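The structure under discussion is supplied below as structure tokens; questions concerning it will follow.
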Amino acid sequence: MAEPELKDKVEELIKDHEVLLFMKGTPEQPRCGFSMRVVGVLDSMGVEYAALDVLPALEPLREATGEIADWRTFPQLYVKGDLLGGCDIVEEMADSGELAEMLGAEATSDTAAEAPASAKQDLQQADPQQSPPMQIENS
């Protein structure tokens, strides 16, 4: 069972950010391939989003998100308070144009799955307008 304080904080973050990515690492330095691919999709669309590095508190955050959205793996993308899913779902939605429509962004055919090298390059040249990653300390 997740700590009530942490669960409340996670729910508040989800509510307060139109687009929120729980990921391993940061957009500038993803620490897993799936997180890197989701960042690549969002960056290719020019979407402004907040990101939270789950690694400093992986198990407590896994418990909290599991209770909130019944999803315990990362990355997790939330849009307007709703969980869209992980990497595969985000890529499918990007490929179909559904994600761009939902985010009010332009659809691109250059998702991170199709062009991992360009996604990696995009990560190294991070958009300065992108929100900096947040971090929740494990207490």
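Looking at (1) of a type in the set (Val, Ile, Thr); (2) farther than 27 Å from Glu3 by Cα; (3) buried (at least 19 other Cβ atoms within 10 Å of the Cβ), can you tell me which one Val54 breaks?
If we test Val54 against (1) of a type in the set (Val, Ile, Thr); (2) farther than 27 Å from Glu3 by Cα; (3) buried (at least 19 other Cβ atoms within 10 Å of the Cβ), just (2) comes out false.
Of Glu63, Glu18, Glu12, which residue is among the acidic types (Asp, Glu), over 11 Å from the mean Cα position of the chain (by Cα) and crowded, with 16+ Cβ neighbours inside 10 Å?
Glu63
Can I ask one more? Any residue at all in segment 23-31 that's polar (S, T, N, Q) and at pLDDT below 95?
Within segment 23-31, none of the residues are polar (S, T, N, Q) and at pLDDT below 95.
Related question: Can you tell which of Val79, Val41 is over 29 Å from Glu5 (Cβ atoms), β-branched (Val, Ile, Thr) and in contact (Cβ under 8 Å) with a residue 60 or more places away in the chain?
Val41
Something else about it: Could you identify the single residue in Ala69, Ala57 that is closer than 24 Å to Ala105 by Cβ and of a type in the set (Gly, Ala, Ser)?
Only one candidate qualifies: Ala69.
The values are calculated or read from the model by the stated rules, or taken from the named source; none is laboratory data. Keep in mind it's a predicted model, so treat the numbers as computed, not measured. FYI the Cβ positions are ideal-geometry reconstructions off the backbone, even for glycines, and counts take in every protein chain you see.
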